[in-house]
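The values are calculated or read from the model by the stated rules, or taken from the named source; none is laboratory data. Remember, predicted model here, so these are calculated numbers, not experimental data. When we count neighbours, we look across all protein chains shown, and the Cβ atoms used for this are built from the backbone with ideal geometry, even at glycine. Protein only, heavy atoms only, side chains kept; ligands, DNA and RNA dropped before computing areas. Shrake-Rupley method; radii C 1.70, N 1.55, O 1.52, S 1.80 Å.
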4 protein chains.
Amino acid sequence: MSKVLRKEEFRRDKKIKAALFGATGAVGQVFMWMLHDHPWFELTRVVASESREGKDYGSEVHWILPQEIPEEILSLEIASFNIEEMREQGIQIVFSALPNHIAEKIEPQLIEAGFAVFSNASHYRYSEHVPILIPEANMDQLNWIEKQGYPEKGFIITNANCSTTGLAVAMAPLRKFGIKDVIVSTYQSVSGAGHPGLSALDITGNVVPFIGGEEEKMRKEFKKILSVDVDIHPFCVRVPVMFGHLETVWVEFEQDVELGDIIKAWAECSSGVDHLPSTPAKPIIYEDQNDLPQIKMAFYGDPEGMVVYTGRLKRQGNRIGFSLLVNNVVKGAAGGSIQNAEAFVAKYIDK
Amino acid sequence: MSKVLRKEEFRRDKKIKAALFGATGAVGQVFMWMLHDHPWFELTRVVASESREGKDYGSEVHWILPQEIPEEILSLEIASFNIEEMREQGIQIVFSALPNHIAEKIEPQLIEAGFAVFSNASHYRYSEHVPILIPEANMDQLNWIEKQGYPEKGFIITNANCSTTGLAVAMAPLRKFGIKDVIVSTYQSVSGAGHPGLSALDITGNVVPFIGGEEEKMRKEFKKILSVDVDIHPFCVRVPVMFGHLETVWVEFEQDVELGDIIKAWAECSSGVDHLPSTPAKPIIYEDQNDLPQIKMAFYGDPEGMVVYTGRLKRQGNRIGFSLLVNNVVKGAAGGSIQNAEAFVAKYIDK
Amino acid sequence: MSKVLRKEEFRRDKKIKAALFGATGAVGQVFMWMLHDHPWFELTRVVASESREGKDYGSEVHWILPQEIPEEILSLEIASFNIEEMREQGIQIVFSALPNHIAEKIEPQLIEAGFAVFSNASHYRYSEHVPILIPEANMDQLNWIEKQGYPEKGFIITNANCSTTGLAVAMAPLRKFGIKDVIVSTYQSVSGAGHPGLSALDITGNVVPFIGGEEEKMRKEFKKILSVDVDIHPFCVRVPVMFGHLETVWVEFEQDVELGDIIKAWAECSSGVDHLPSTPAKPIIYEDQNDLPQIKMAFYGDPEGMVVYTGRLKRQGNRIGFSLLVNNVVKGAAGGSIQNAEAFVAKYIDK
Amino acid sequence: MSKVLRKEEFRRDKKIKAALFGATGAVGQVFMWMLHDHPWFELTRVVASESREGKDYGSEVHWILPQEIPEEILSLEIASFNIEEMREQGIQIVFSALPNHIAEKIEPQLIEAGFAVFSNASHYRYSEHVPILIPEANMDQLNWIEKQGYPEKGFIITNANCSTTGLAVAMAPLRKFGIKDVIVSTYQSVSGAGHPGLSALDITGNVVPFIGGEEEKMRKEFKKILSVDVDIHPFCVRVPVMFGHLETVWVEFEQDVELGDIIKAWAECSSGVDHLPSTPAKPIIYEDQNDLPQIKMAFYGDPEGMVVYTGRLKRQGNRIGFSLLVNNVVKGAAGGSIQNAEAFVAKYIDK
């Protein structure tokens, strides 16, 4: 067994060594972008499918981000899945951007080998003791890793599905009003489907009111993350834009809530841990201009790719309506996972 | 006063003469397309803004439809708003694609002058005795024209806002189950904003969760058309596609309804009048493939521009969810108005 | 050997029986759309990949056209590649929408078996005696089938690559002025890449200045179709629209040519054979409005999917510039192939 | 007369005070974005149309950039066109993002009043002694301001049209090979048309092969900037993307040039002045991957919005072909103008 990452061995003058699995996919590329100069983690090993081993990352990746690929990652050699070597390299954290059918084979071995695994795959999300962690929403679930055996054993923390992430962040500070009913329609960009993912012929000039498995994920994950027994009513719809998921939401609360209470709850939202590198000071920004947030604000280049924007707050009868925007590849995927690793380090290693 | 169009003067061997007001705008162009070879109506006079009088339609219109402009309308001379001349020409029906602020000045004069006015403008929609007519939904309201004074006087019949039209058609056959609650999110194409309407800079690669006045229209029109006291909960959102409005809907009914009852109700829906040229045999088509209907099916070239498509029918708790698609410029605008004129002729003139 | 389709056996009161290979792909679907009610050909056998044999077309196809799939083709059974059965069915014409790597295996067997093969695949395009036929451009090459052995033997006629088709049609009537130099940049829609073809992630909100192999095809095919020794200079670029290829062209001629000569040459262009069902009376339409043709006119629903539009004609020094628009899935693919079959029937069978 | 900005009065410890005219338009917003924290210039006065005077920038601007509007500019008060006040404020540089018909009235007064004017408007571009400055291409023309009377008098420096900018930057280092012939087709994003500019109805799902006046501008500006007597052959085409202009180019040179010579010339290109804040170390980046540069790389958020990317270099006969990408709102508009002001300061004030 590897040495699990523990407080007593931590040296603040060194970065924690991390590996990335699934580095060439769409979400993998966002991990690469965010990790290549991360202040706490050092990307020590980049793993992709076997046929790519030994080759340069730059020659193997079909880079889909609008930013130019960082020069320093072009010549990174793609490594194999080899636990011994990972141990020798001193790797203690593994980020997983693996497709689900591969994640279910590889992630158990990584946990077993004593790594701290932070995964964007959905395989483990619904397992007992595995948190679907979003620091702004359920930091109290971080300690479930102890039920997984930490610090004696490795563990896994998953992040939520991209559209669930936006909804859970916006609803978390409103939980105190008593959530009775949630109805949500999504406007999801094509990057959520990965690469090659969706055919251009299916979405160019089109809107498709179906995303396989997405509504089920939203229903299950919302309950688990917020620890509420509310079966939300989602429609998940694909729209022809590149990045960003917009959602329109109607909610009912147990309590009588003023719109001002909601704006205040959002403004006061925090990740529960101060100064994580990837958590903005204000994780929710409410836009009071009536045509905001718009999907183009989710633009990947935006330094605020970790913010969830809300807007169009209104009341009609007992219901309160609002819209929200989440950057699906950053906060809703790679960035969420990295933030979870930071939260773990902040709470267990370097508090 | 003009001679109002009445049964006794009708000659089946002649087309009814019609004028079109607002002929160069986006909806005006769809009227031109649908009327230029209509079996019952003869487009006798084409009226546009004063500065265009005396000029050829072809030189004045900025044609935005994908179809080539029909050759026979290129050289139509744009005429002035002149009631005397209209009488001399034997015009009895007027279609109005006027912008609202102009409609409110001109339409009262047309009614006063004894014309049968079919208007896409919203000005008169909420007036007493003025039906917002959709034959599939509220043919019983057609006879409100008698309260307006017909057959002694001219009258106006409006059609609904484009997004309301889709929802009202889909919900009309379900009224019998007792509508308790409707929540709807729209995915509306740019053509709904007219021309020039929306700036390309605002919507290219973007989704904008606000369309000024649209949600209010949906709430008011839904109640009036379906004669129900239900305050629907809409979010109206603009997406970057050319034609077609998609909507996702969650409904609650008084009665316990099976999904099969709904499919049956949609299948049996009819316009209430047989054989109107612009009403398809099946005004609602339910698609049981889970990713249909898609917005590209609303494509203006489609001969079925008058059909409302439904899909994704599902039940969750007490709620029933579905999606729908309406061609906003045909069924939801010009085509709806023409269908209303046909319904009037069928019922009052040539039954 | 099958009985090759010959004049003496032809009965005008019966349609000619045809098979379609590659029926479920993007181009295959356009063939289905155009053949399902063709006046001369009866679609008797629909062949797709082996795994689909015995199943209904409707359940196997991922329909990507904006039109609803015609009801009558939903339940067509997908058949195997079986020459004996094809003979028994009386099939004489085969349309091929096969991917190239499959076409190269199957098409030789179809020719060998005595069928008249009309193929959209590129495999045979550059073979001796095989015409890349475009009736408007090179009807004189139709008789190359005799060098292939017709009427004793089967034969193949290919149609050109989609972007070459537009250019060849527009340049054919100008050949008489002596083509010296052609420079062309294309604006090609995503449908040209087939399905799944291009990933939505690669083209949404993007323009990609490269289409593998396309420029080489244009250079080779242009020379062969027009029988000229001119090495054109192409740039082939993908743009984020669904249907239609636009091209900008600069040409130099041996002769001194007036713009009026060019407009006249285009106006007088014909397919060389009268009254083919799929050839419009005017195969080239010159648009003199300066912002036409636009790509939305290539919209598949357009009845003029067989027309090549030209526009923006201008002279600068010795060069003449113009733009053109071709519907890449109709005229540039399935429609071109069907038109070729019609041209063959008109010339050899039923003149 | 104001005190013209001169070397002797310059204090390196203070920023130079600048005004921006036309601050609320699309290009104006990019100026605001780039100037609000510029290291050399302090945005002291923001001028917009008269009706907006005295109001906050944040309430008056219809912000179209994907980035959130910087908080510090929200409450800037919009000022009037008042030369006396500008003098009192100590303003010495004026940036102009005015529409052309307003620029032609206001810019002469600004020059007359002794300001150093850097304008994105086209009005003065073709006047004698007025440079269309692009530091990478024609720094030798900067001293034309002396012919305008500097340092006794105010002066104006214009920047080129957005599509010309990309072409001129890429061609400038190749001038030494003797430019004989240039043929260029553009793929221009909608942001080039300003706001509201183009109607969404005209460009959604469309490509329009005409941009009024653009081809004439390219022809005139190319000659003047590069001081060559070459009448380029352009086609300017609008494509449905938000930011970035791509161009395909075929060139002939007097000399026999190897592809390697061109790559080397691009790599060695510099602005001629070291260390301007807005000029990247490598103003031209050649991409040797065959599908680059793509338009999504011009994404406004990119720190490299000042780089011109080239790619697809190839030779065919005597011609050399390549593609290029320029960020039309940064390098091709506001950024170009700011870079010109920096070049002026570097050369005349603080060398």
| Hey, could you pull the Cα Rg and Dmax for segment C:178-257, both in Å? | 14.6, 47
| field | Entries of B:Lys14/B:Lys264; C:Lys176/C:Lys347; A:Lys296/D:Lys224; B:Lys147/B:Lys220; D:Lys17/D:Lys147 with Cα pairs more than 31 Å apart | value | B:Lys14/B:Lys264; A:Lys296/D:Lys224
| request: For B:Glu50, D:Glu68, give the ranking by accessible area with the largest first, probe 1.4 Å. | output: B:Glu50, D:Glu68
| note | Ranking C:Arg175, D:Arg319 from most to least accessible area with a 1.4 Å probe gives C:Arg175, D:Arg319
| query | Per the Debye formula with a single identical scatterer at each Cα and no solvent contribution, what log10 I(q)/I(0) holds for segment D:249-350 at q = 0.13, 0.19 Å⁻¹? | reply | -0.54, -0.98
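Just to make sure I understand: if all protein chains stay in place, what is the order of A:Ser127, A:Ser191, C:Ser51 by accessible area at 1.4 Å, largest first?
C:Ser51, A:Ser127, A:Ser191
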| note | For segment D:85-133, the Debye formula with one identical point scatterer on each Cα and no solvent gives log10 I(q)/I(0) at q = 0.25, 0.32 Å⁻¹ as -0.98, -1.36
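Any number yet on Rg/Rh for segment C:50-89, C-alpha, Kirkwood? Display every interim value, and only then the final one.
Numbers: Rg = 12.1 Å, Rh = 11.4 Å.
Reported Rg/Rh (Cα atoms, Kirkwood Rh): 1.06.
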| field | Cα Rg, Dmax (largest Cα-Cα span) when computed across segment C:1-57, Å | value | 13.2, 39
| request: Give the angle, between 0 and 90 degrees and rounded to the nearest 10, that separates the Cα long axis of helix C:335-344 from the longest principal axis of the Cα atoms of chain C. | output: 70 degrees
| Whether the protein assembly as shown is rounded, prolate or oblate, judged on the alpha carbon gyration tensor where a/c under 1.5 counts as rounded | rounded
| query | Over segment D:1-133, how many percent of alpha carbon pairs lie in each 5 Å bin up to the one with the longest distance? | reply | 2, 10, 21, 23, 21, 14, 7, 2, 0
| note | Here, D:Val228 and D:Ala267, labelled 7 Å along Cα→Cβ, have an inter-label distance in nm of 2.2 nm
| Projected area of chain C, taken from the Cα convex hull and averaged over every viewing direction, in nm²? | 17.0 nm²
| query | To the nearest 10 square angstrom, how much accessible area does D:His62 have with a 1.4 angstrom probe? | reply | 80 Å²
| segment D:79-223: C-alpha gyration tensor shape, a/c 1.5 cut-off, then a/b vs b/c | oblate
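Of all the C-alpha pairs in segment A:220-289, what % are more than 18 Å from each other?
62 percent
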| query | With every protein chain left in place, what is the accessible area of A:Lys17 in Å² (1.4 Å probe, nearest 10)? | reply | 70 Å²
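Give me the one-decimal Kirkwood hydrodynamic radius in Å for segment B:162-327, with the sum taken over alpha-carbon pairs.
Evaluated over segment B:162-327, this radius sits at 16.3 Å.
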| query | If you stretched the chain out fully between A:Ile83 and A:Asp350, how much longer would it get, using 0.36 nm times the residue separation minus the C-alpha to C-alpha distance? | reply | 93.5 nm
| request: Give me the percent of Cα-Cα pairs in segment A:118-169 that sit more than 13 Å apart, rounded to a whole number. | output: 55 percent
| Residue-level accessible surface for C:Trp33, protein heavy atoms, 1.4 Å, Å² | 70 Å²
